[in-house]
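We did not get these values from a lab; they are worked out from the coordinates using the rules stated. Nothing here was measured: the structure is a model prediction, and the numbers come from that model. Ideal geometry is used to build each Cβ from the backbone, glycine not excepted, and the neighbour counts take in all protein chains shown.
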């Protein structure tokens, strides 16, 4: 008889004992009592089916559990008491990550059916996670639960050809997501044309989108293809779609409905084969309610929605991202710079990053070039020292003392640099250099 194997995550071991008593024919479960033990077991040899026991809402750390469930190609079944079925925290987690659930006490026949169905689904083929690497997927860096969820959504989106609306704050990497969809979809060999709707004057957007014929207006000395036509058989990426003027929204809606365009000054209706991916940092639902965005266009674009998390919502990725930026620009670093100090890492992870990944890239690049320390400090990044953190290297301790002395003396001298330099016993030039190196704001 073929024995099907499974992993059982069980804190107390009661369900493991119950399974042993049930004598499930053809099944053998390996019990583990911690997520770390489960991670080691699954890394060695992931069985097709896993069971997770919930003895309460907080049975497992939600983020760590979701990261584990998403990482391995396993069909998961939840085992829990009936009173947990109404848990507002637990139910969404179950919906996102589990194939099925089973209530306690265990029923042998029903459990065998559930396990059999999960095993059958697992045997249909592996889950689509081929793009997931050690640092992320699709050219994006991240291993946090929010990014793993985004990667899973992209895996689904690349298999179809419907319009996509990417949401997220500025600097989160919405265009990277659009590129990923293009590069891993059936349209990968076609063009990718990007257009920022907020960066083009309103009177030029129509001709930029639809093109124009020679003589259509003053200065139109020859025919010009618009971005829609340039993206034929590929992808048109409309960034900041929320800034598109209302009259242009009607024209874009007509194209999405009819798949045809007419160049400005022309009469011929041209059929186009273009996938539209739009992105916005504004709340389009609110824009619709306020009359700034057409409701019908919103629903045409929002067939598939991908929310890109802000950097503060995936703090687990900050250190990984900083290391990736450092590696990508290593040729630009100062000769003595060898990496990040522990203080800098703590500061980055504590900071809220209003400018998101774009701000992190800017700060890290600047610190790599301008730092005079062996290891980049929080001051080099222009970030405050984390509360309760102490300098961890001699360079950091020296910089901390220097910064405190100079800032204190500047306050006493009412920001008079000459007087401050005199009291500190250094020249004005030296003081200016130290102010610049320590990033002290006058």
Contour minus Cα-Cα distance for residue 327 and residue 123 (0.36 nm per residue): 69.5 nm
Can you tell me how much longer the chain between residue 45 and residue 296 gets when fully stretched, taken as 0.36 nm per residue apart minus their C-alpha distance, in nm with one decimal? 85.4 nm
Rounded to the nearest whole number, the per residue volume of the convex hull around the C-alpha atoms of the chain in Å³ is 232 Å³
Under the classification rounded if a/c is under 1.5, otherwise prolate if a/b is larger than b/c and oblate if not, where does segment 4-123 fall, given a ≥ b ≥ c as square roots of the Cα gyration tensor eigenvalues? rounded
If packing is taken as the average number of other Cβ atoms within 10 Å across a peptide's residues, how do 328-337, 301-310 rank, most packed first? 301-310, 328-337
Gap separating the Cα centres of segment 93-113 and segment 162-230, nearest whole Å: 47 Å
Expressed as a whole-number percentage, the relative contact order of segment 136-307 with C-alpha contacts under 8 angstrom and at least six residues apart is 31 percent
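Out of all DSSP beta bridges in the chain, what portion is antiparallel? Express it as a percent rounded to 5.
Percent antiparallel among DSSP bridges in the chain is about 10.
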Rounded to the nearest 0.05, what FRET efficiency is calculated for residue 426 and residue 352 with R0 set to 30 Å and r the Cβ-Cβ distance? 0.25
Which one, 366, 257, 323, has the greatest fluctuation when you compute a Gaussian network model over the chain with C-alpha springs under 10 angstrom? 257
Please tell me the relative contact order of the chain in percent, rounded to the nearest whole number, where contacts are Cα pairs under 8 Å and at least six residues apart. 11 percent
Counted neighbours (other Cβ, 10 Å), sorted fewest up, put 86, 317, 243 in the order 86, 243, 317
For segment 328-389 and segment 61-76, what is the separation of their C-alpha centers, rounded to whole Å? 31 Å
Using 0.36 nm per residue, how much length does the chain from residue 161 to residue 135 gain when fully extended, once their Cα-Cα distance is taken away? 6.6 nm
Please report, for the Cα atoms of segment 244-315, the Rg to one decimal and the Dmax as a whole number; what are they, in angstrom? 15.2, 54
Would you mind putting 290-300, 353-363 in packing order, based on average other-beta-carbon counts within 10 Å, highest first? 353-363, 290-300
Can you quote the Å³ per residue value for the convex hull of the Cα atoms in segment 85-226, rounded to an integer? 187 Å³
Rounded to the nearest 500, what is the chain's calculated 222 nm mean residue ellipticity when only DSSP H runs of at least 4 contribute -39500 (n - 2.57) each, over all residues? -12500 deg cm²/dmol
Please sort 261-268, 369-376, 407-414, 152-159 by packing, taking for each peptide the average over its residues of neighbouring beta carbons within 10 angstrom, highest first. 369-376, 152-159, 261-268, 407-414
